[in-house]
Each structure stands twice: as structure tokens, then as C-alpha cells.
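In what follows, a single structure is set out as C-alpha cells and then discussed.
The values are calculated or read from the model by the stated rules, or taken from the named source; none is laboratory data. These figures come from a predicted structure and were not determined experimentally. Heads up, the Cβs are rebuilt from the backbone with ideal geometry, glycines too, and the neighbour counts pull from every protein chain shown. Note: accessible area is taken over every heavy atom of the protein model, side chains too, but ligands, DNA and RNA are not part of it. Shrake-Rupley method; radii C 1.70, N 1.55, O 1.52, S 1.80 Å.
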Amino acid sequence: MMVTDSRSHGLWAETAPPPPDAPALRGDVRVDVAIVGGGYTGLSAALHLAQAGTRAVVLEARSFGFGGAGRNVGLINAGMWVMPDDLPGELGPVHGERLLHLLGDAPQQVMQIIDAHGIACELQRAGTLHCAVGDAGLREIEARATQWAKRGAPVEVLSAEATAARIGTRAYSGALLDRRAGTLQPLAYAHGLAHAAARAGAVLHAGSAVTACERAGGEWRLRTAGGTVRADWVIVATDAYSEGPWRVVRGEQVHLPYFNLATSPLDPALRRQILPGGEGCWDTKEVLSSFRMDAAGRLVFGSVGALRAGGAAVHDAWARRSLRRLFPALGEVRFGHAWYGWIGMTDNALPRLHRFAPNVIGFSGYNGRGIAPGTVFGQVLARHVLGDLPEQEMPLPWTDPRAPSFRLAREFGYEAGAQLVHFTGERF
């Protein structure tokens, strides 16, 4: 079940080490925990459960990292899009501060897992830069920095001059440097988590979509085309790409399309000018852009939009114009890879914790922040199943899935709006 569509995983599929061998499920299996979904959350849960001696099986419908885990930019960010001070208002003072603490430390947890298991995923620990566009953007990052700093986070607002020195362009009025953060090759990280989980004793099955889940005789029975898994617990880790019995998770999220384009490796002189320190970047525009270098010196540039129908040509042309304005020394830009996927957005831009049925639990709604939250939420679910994390100490309140209003219209608006913005020549 290797990824073959160049527009789905692009550069990441070409440069990631292969996943572990994981044949489709055949026959009947009895385990302690069945995990549905082979992205960051599911594989992290499998790793931590297996390390504790628990029998766990992962059922992935396609291939490991097939969803957002294998398509994203690769920024290991702390926190969520929501301003830190706003979380207690959304979640209450207990869960708000608890979630901030968990997600503030999440990039470090990712890096520790990578180190402990020797995961080859092009990890860079240089931090990230949230780039301010104009005065409004500068005020935004200053507020965010103040709110994180009072919680002890190692963040700093850089001047326009310092930002230009780090990035290689004078397009921004400043930037928020977050030293907790970093970058990685996202699909390689997913494959590395899969290898680590398998070495710890978890059983992995790709090409094994769950078609039904039912309660029988005090246990859960999950059916695939080739077999059945019987388990005491079920962890649902399918998020924005949910299908089958838990399609309700897809239904509670608005899909926001996001694409990435990658240049050929830059020559050494250009690499010394553009992001010489290796930070990952994104900006404060409403239709935001992101950019970073991979290990081979390819400049990966992305924004909101879907590379299908007329969008492919519009977004490609916009990206070439934008990079010429940002980095004139690049000259005429050509992209060697192009891919896109879907970000699942919830109404309040915060994740959800669900109990779908007795002993059937899961997180969803990462809102474009999947790497670090997905990893630590997988660990949280494992700890809860193991009895190490009681209900009253969970980082989010338990909620029921609920469909957002006007979901289909909003999804159309995101895709069409981004295409219109990029067609009309948005400028930095």
C-alpha cells in the first residue's frame, strides 16, 4: 500500500525511508487495544502501549502517514492557532492551562522520541519563525509572544532587520522566534514511528480499512475485508480522513485545502542566503504561506489551496511570483514536486476529545498542528487506557461530535477563495 499519487505526498513520498512491512489483516485476532488509523496519533499510541507490554494492533486503511501526517509542511510547532490567553476562555481555566502546558512541551516530546528510536526524518531543532506581515501582523506576534513568555516559553520577537538576516528577505516587519519548535520530514517521521511501534511489539496492518465495529460478549469486534480484531479498547485515530464507522469525525470538521511545492536543490550560495539557520516559517496573512528547506536544500513553499482543476495552474503561478518577490536571487523558479491535502478545522480551532462508546475513545481536529499534538495525544490516549491518566486529568473535556454549520459551503469557500486570492496576485 505504498503511496503512488505524486499529488498526494510529493517530495515526502520520494525521500522518506520505507515503512515497516505491514500486510493486510487476515483472520481473527484478539488483542487488548485496537487502534484505527496509522498517522501520528495512532502510531504514537501503539508505541507507548507496546512499550508498556500491552497487546496493540494498528489497522490503517491505506498506508502509514497517508492522511495529514504524510502531506503537511513539517513544522513541529508548540500550541495551537488560538492565542494562549484565549484557551481558558474556550475550555475553562483547568483544561485551558492544562492543554497549553501539554502542547507547549509537545515539540520536545517529539524530538525525544526521534532521538530515543533513531528515527531518520531530517530533524532540525532551529526553531520556527512566525513572520509578521505589516503593522497588524507585528501586533499579532507581539501579543502571542507576551502570552507565551508569561508561561515561561523561550520565545522572542525579532526586529525587521534580525528577521531579514535569518530568512534572507526584507518582506516582513518582524518575526516570532519559537526556540521550542523545529522541522522534520513528516512522512519519514510517520514511517519511523511505525518502525518503533513494531519493534516495541505492536502489530501493524496497512490496507485494512475498518468496515464495521460492534459490541459482542463484553468486547469490541472490528471487521475489515480480510479479518476481525477483537479488543477490550478501541482508539480512533482517523481525524480529517475518517471513513467507515467513525465518519462522524470527518463530519465535525471543515476541510481546508493546503498545498506544497518544492524547488530543485538550491546551489550552495543561495542556501547560505535563504534560511541559513534552518528555521521553518509561516506568516500572519489570512491566506497564509509557509516555507522551509529540506535536508537536500530544496525550498518547500506552501499555502492554502487545492492542486486540482484550475487550482493547480493558479497556485503554481502565484507561488513562482511570490518566491521571486521574496527572494529575487532565485531567478526563474521551477518546481520539481507538487502535492496537497486537507486540514481538518473545528469551529473553535481546537482539538476534540471523544468517547464514542464505552472504551472507544479518540482525539480529532488538529487544525493544521498535527505533528506535536498528534504525537502527545497518542501518548495521552495510551496512558488513559493503561490507567495511568484518569478521566479528571485529561487535557480536554469529553465532548460529543457535532457537525459545524454550513460545512460544505465553507469548504467550497476556502478552496475557491484561496484560488481567487492567488489568481488576483496577492502581494507581500
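Summary table
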{"read-out": "Residue within the range 369-387 that is closer than 14 Å to residue 80 by Cβ, touching a residue at least 60 places away in the same chain (Cβ under 8 Å) and open to solvent by 10 Å² or more (accessible area, probe 1.4 Å) present", "value": "yes"}
{"read-out": "Subset tally (residues that are in a loop (DSSP other than H, G, I, E, B) and either at pLDDT 95 or above or open to solvent by 10 Å² or more (accessible area, probe 1.4 Å) (or both)) for the range 331-345", "value": "3"}
{"read-out": "Counted residues, the range 191-206 - those being part of a loop (DSSP other than H, G, I, E, B) and open to solvent by 30 Å² or more (accessible area, probe 1.4 Å)", "value": "1"}
{"read-out": "Residue 151 vs. criteria within 19 Å of residue 179 (Cβ to Cβ), touching a helix residue (DSSP H, G or I) at 6+ places or on another chain (Cβ under 9 Å), among the basic types (Lys, Arg) and not in a loop (DSSP other than H, G, I, E, B)", "value": "no"}
{"read-out": "Residue that is most open to solvent (accessible area, probe 1.4 Å) [pool: residues in the range 389-428 that are out of contact with any strand residue (DSSP E or B) (no Cβ under 8 Å at 6 or more places or on another chain) and hydroxyl-bearing (Ser, Thr, Tyr)]", "value": "424"}
{"read-out": "Residue that is touching a Gly at 6+ places or on another chain (Cβ under 6 Å), under 18 Å from residue 171 (Cβ atoms) and in contact (Cβ under 8 Å) with a residue 40 or more places away in the chain, where the choices are 264, 290", "value": "290"}
{"read-out": "Filter result for residue 65 (on the phi > 0 side of the Ramachandran plot, part of a loop (DSSP other than H, G, I, E, B) and either without any contact (Cβ under 8 Å) to a residue 60 or more places away in the chain or buried (at least 24 other Cβ atoms within 10 Å of the Cβ) (or both))", "value": "yes"}
{"read-out": "Selection within the range 156-187 - part of a helix (DSSP H, G or I) and not small (Gly, Ala, Ser)", "value": "161, 163, 166, 167, 186, 187"}
